[in-house]
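To start, the structure itself, in structure tokens.
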Amino acid sequence: MLLAILQGVVAALLSRWRELATWWLPMQLLFAPALVLVLGWQLPSWIFLLAFLFMLSLYWSTYRTQVPLYLSGPRVWQAVSESLPARPLRGIDIGSGLGGLVIDLAKRHPECEFSGIELAPLPWLLSLLRARLRGSPARFLRGDYQTLDFARFDVVFAYLSPVAMSPLWIKFQAEMPVGALLISYEFEIKGQTADEIRQPIKDGPCLYIWRKQ
């Protein structure tokens, strides 16, 4: 246990040094000690298999996309809603997670069409069930947004990761019509100044909005 605690401290310090997000610190600190405790319980092996399958269905190919599961909240949804043009439009949330934004926008703007696309099976399934149970017209697709034709949409919302932003900008410029919006929560695009910046939560991350010229 002492070695596990030492490993956790070293991992947390390295995370701090590499300027990872704050929430990584407790995860790095506690993972090794927690693993030692769980192994001491001598649980049946099938429990670990179930845990693995659950994590796989939740995060799927995060190792490849480098886009973890990020969840926004009601204040972000409201800020996105207020950023939309006052006309019927088609919008999509790429990497839609549990579907909260899409369902919320579909309720606020019944004249519009909103969809979400999610690669991980479990979040996609939960989004689908939430929409069905609420009678929401929101649509949810399972797949990789990189294979999606953005020309079908007027607004694209993204809460991805810094790694994904530059390729997303290229796709936005290549496929979306003039006047279309790209909205990103928290993550900017290097070298591209946003046309509008909002801060849904005081002292929190910003909402960056670009308009296709």
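Rule-based calculations on the coordinates, nothing more; no lab input. Note that this is a predicted model, so its numbers are computed, not measured. A quick note on method: Cβ atoms are made from the backbone with ideal geometry, for glycine too, and the neighbour counts reach across all protein chains shown.
What to note about this one:
- Segment 2-65 - Rg and Dmax from Cα coordinates, angstrom: 14.1, 38
- Considering only 142, 18, 75, the mean-square fluctuation computed in a Gaussian network model of the chain, springs between alpha carbons under 10 angstrom, is largest for 18.
- Rounded to the nearest 10 degrees, the inclination of helix 2-17 to the longest alpha-carbon principal axis of the chain is 30 degrees.
- Computed FRET value (nearest 0.05) for residue 152 with residue 54, which takes r as the C-beta separation and R₀ as 22 Å: 0.10
- Loop chymotrypsin sites (Phe, Trp or Tyr not before Pro), segment 29-76, which have at most 16 other Cβ atoms in a 10 Å radius of their Cβ (DSSP): 41, 70
- Listed residues 126, 84, 30, most fluctuating in the chain (Gaussian network, C-alpha, under 10 Å): 30
- Stretch gain in nm, segment residue 43-residue 197, where the contour uses 0.36 nm per residue and the Cα spacing is subtracted: 50.4 nm
- In degrees, nearest ten, helix 162-175 long axis to first principal axis of the chain (Cα): 20 degrees
- Look at (1) 1.16; (2) 1.04; (3) 0.95: the one that is Cα Rg over 2.2 N^0.38 Å derived from this structure is (1).
- Spin-label zone in segment 83-107 - amide nitrogen under 20 Å from a point set 7 Å from the Cα of residue 71 along the C-beta vector: 93-107
- Gaussian network model of the chain, Cα within-10 Å springs - most flexible of 20, 125, 58: 20
- Legend: translational diffusion of segment 123-187 by Stokes-Einstein, Rh = Kirkwood radius over C-alpha pairs, 25 °C, 0.890 mPa s; D = 184 µm²/s.
- Relative contact order of the chain, pairs being alpha-carbon contacts under 8 Å that are 6 or more residues apart, as %: 16 percent
- Charged side chains reduced to their Cβ positions (Lys and Arg at +1, Asp and Glu at -1) give the chain a dipole of some 260 debye around its Cα centre.
- Qualifying aspartates and glutamates (Cα of each under 19 Å from Cα of residue 202; at least 8 residues distant if same chain): 82, 186, 188
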